[in-house]
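The structure appears right after this line, and notes come after that.
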Amino acid sequence: MRRHYAIEITLTRPASCSELHRARQRVALAENADGTRLMTLQSAKSPGSALHRMRRRLDGQLPIDILATHYPDRSGHLLLNVDLGRHTTRALRWAAAANGQRPRDFLSRRLAQEVERCERERHRRLTAHLESLLHQHTREEVLSCAAGLLNRRSPSATAP
């Protein structure tokens with residue numbers, strides 16, 4: 001059974017008007033304000049085949065960096081389609097074989113580890129900033145100020 005999958009296309013740079021025009025002759029696209037991300041739908045039997053078909057349809061038409069499913073699966077994961085190039089793919093296969101894993105499993109684990117490392121680092125920096133503030137201000141002052149900022153700040157302005 002074929003379904004439609006929402007695909008987010010991240011570009012390496014904003015697409016030119018002529019690139020977008022040529023791509024739109026193949027696929028219906030919606031773009032964000034700065035022209036570096038596009039959205040489209042692709043009919044396929046699975047999210048993976050939808051990404052693969054979209055890559056084939058648009059490869060060479062746009063400066064594509066990453067294709068990703070827009071909505072998470074039941075496990076909360078997004079599926080990525082990244083063209084790593086021959087040399088990187090060869091190195092990935094070698095590293096995966098050295099670890100007794102399939103390349104996609106090896107890359108998935110490495111990405112998850114890096115995301116986790118980045119989250120820990122962000123938490124460490126936030127904690128250090130808060131500790132610095134608590135040396136100069138009372139708990140009540142810090143909490144009141146943070147609450148005021150959070151009430152004024154729009155949800156879309158939060159950092160990733």
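Structure above, values below:
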item: Accessible-area composition of the chain, carbon plus sulfur, in percent [1.4 Å probe]; result: 54
item: Radius 14 Å from Cβ of Leu134, net charge of other residues (Lys, Arg +1; Asp, Glu -1); result: -2
item: Among Leu111, Gly48, Thr10 the positive-end extreme of the charge dipole of the chain (Cβ point charges); result: Gly48
item: Gap separating the Cα centres of region 91-107 and region 1-31, nearest whole Å; result: 31
item: Accessible area in square angstrom per residue, region 48-160, 1.4 angstrom probe; result: 82
item: Listed residues Trp94, Leu134, Ile64: farthest to the positive end of the dipole of region 61-143 (Cβ charges); result: Trp94
item: Amide hydrogen neighbours beyond the local backbone of Tyr5, cut-off 5 Å, H modeled; result: Gln42, Ser43, Ala44
item: Stokes-Einstein D in µm²/s, Kirkwood radius over Cα pairs - region 1-50 at 25 °C with 0.890 mPa s viscosity; result: 211
item: Estimated vicinal HN-Hα couplings, Hz - region 7-13 in sequence order (Karplus 6.51, -1.76, 1.60; Gly, Pro = x); result: 10, 9, 10, 9, 9, 6, 7
item: Rough spin-label spacing in nm, given labels placed 7 Å along Cα→Cβ, for Leu133 and Arg57; result: 4.6
item: Among (i) 14.3, 44; (ii) 20.9, 62; (iii) 20.8, 83, the entry derived from the coordinates for Rg and Dmax of the Cα atoms in Å; result: (ii)
item: Additional length obtainable on full extension of the chain from Val142 to Ser43, 0.36 nm per residue less Cα span; result: 30.6 nm
item: Residue-averaged [θ]222 nm for the chain, counting only DSSP H segments that reach four residues, each worth -39500 (n - 2.57); result: -17000 deg cm²/dmol
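The values are calculated or read from the model by the stated rules, or taken from the named source; none is laboratory data. Bear in mind that the values here come from a model prediction, so they are computed numbers and not experimental data. Please note: Cβ atoms are built from the backbone with ideal geometry, for glycine as well, and neighbour counts cover all protein chains shown. Side chains are part of the model used for accessible areas, which takes the heavy atoms of the whole protein and leaves out ligands, DNA and RNA. Shrake-Rupley method; radii C 1.70, N 1.55, O 1.52, S 1.80 Å.
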